[in-house]
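Bear in mind these aren't lab numbers, they're just calculated from the coordinates by the rules spelled out. For clarity, every value in this text was computed on a predicted model and none was experimentally measured. Cβ atoms come from the backbone with ideal geometry, glycine included; neighbour counts cover every protein chain shown.
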Amino acid sequence: MDVIKALTSRGSTRAFLPDAVPKATVAAILDAARFAPSGSNIQPWQVHVTQGTARNTIADAVTLAATQPSAEHHPEYTYYPSTWYEPYIGRRRACGWGLYGTLGIVKGDHIRSQAQELRNFCFFDAPVGLFFFLDPKLSVGSWLDTGMFIQSVMLAAQGHGLATCPQAAWLPFHRIIKAHLQIPLELTLVCGMSLGYADRNAIVNQYRPERIDTDTFTTWHVDKPQP
Ligand SMILES: Cc1cc2nc3c(=O)[nH]c(=O)nc-3n(C[C@H](O)[C@H](O)[C@H](O)COP(=O)(O)O)c2cc1C
């Protein structure tokens, strides 16, 4: 797939077909993504691939934990600011209400909102769940590297005709995930990801959040074209 097409056609997919993804396909995606750049080529990312029993056990355990809110589930890092402000709060709200609007979930419908939130923990029915980890002894630059790796995984998946949803929703449940996958407690869970074949008939997958114009985030310091 053309790289521009891969970039512009990727979207977070929140309904997947049950069709299995061969292990060789997941391996091919990771084999491509490992060419992601990293400062001094340290390649700090670690990824755990779950399918079948491992995927199902984690999905069940985290769904149960998420339906019984308790103070013990905290993310290891704060993905979002503790105090929101414009323009970011406006964009966040537009994204949330755009998604829920597509699903016909109205403001105040806590039951359907929570049900949609819980869909994260069955990987939106995707057959493969990925978890990305980082050694916290590394520094901020390695988070940058890992982000590029994660985007590379998503684009490589596109190239193989697969769809993804990156998921911060898993972050509070890092202890459960690490326990099931026998991952050292000291590693930091960066994010989860659903991977599979998109259900193109699912209405939720029709939602495509708008992007701000390029000139909103770009300042040009370039020579004027010569007449
Ligand atoms: C690191 C990261 C974490 C995310 N976590 C979630 C999540 O937990 N659940 C979810 O449904 N979407 C999640 N998203 C998807 C974003 O909502 C989505 O990327 C954004 O709205 C832009 O839409 P698009 O990916 O379809 O272009 C996450 C995205 C990123 C990059």
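Quick notes on this one:
- Residue ranges 202-213, 160-171, 92-103 sort as 160-171, 92-103, 202-213 when ordered by packing (mean number of other C-beta atoms within 10 Å per residue, highest first).
- For the range 60-158, the alpha carbon convex hull comes to 177 Å³ per residue, rounded to a whole number.
- Check: the range 1-153 dipole with +1 on Lys, Arg Cβ and -1 on Asp, Glu Cβ, in debye: 340
- For Val128, the residues 5 or more places off, or on other chains, whose built amide H falls under 5 Å of its own are Leu195.
- Computed from point charges on the beta carbon alone (+1 for Lys and Arg, -1 for Asp and Glu), the dipole magnitude for the range 115-227 about its Cα centre is near 220 Debye.
- When only alpha carbons are used to place a centre, the range 71-121 and the range 201-227 end up 24 Å from one another.
- Around Arg93: net Lys/Arg minus Asp/Glu count, Cβ-Cβ under 14 Å: +1
- By the Stokes-Einstein formula, at 1.567 mPa s and 4 °C, the chain with its Kirkwood radius over alpha-carbon pairs has D equal to 68 µm²/s.
- Residues of type lysines that Lys137 reaches as a straight line, Cα spacing below 23 Å, ignoring anything fewer than 8 places off in the same chain: Lys178
- Simple point charges give the picture: +1 on the Cβ of Lys and Arg, -1 on the Cβ of Asp and Glu, and for the range 83-160 a dipole about the Cα centre of about 240 debye.
- Selection from Ala179, Leu130, Ile212, by position along the positive dipole direction of the range 130-227 (Cβ): Ala179
- Cα-based radius of gyration of the range 149-227 once divided by 2.2 N^0.38 Å, which approximates compact folds: 1.67
- Comparing Leu138, Leu64, Leu130 in a Gaussian network model of the chain, where Cα atoms under 10 Å apart are tied by springs, the biggest mean-square fluctuation is seen for Leu138.
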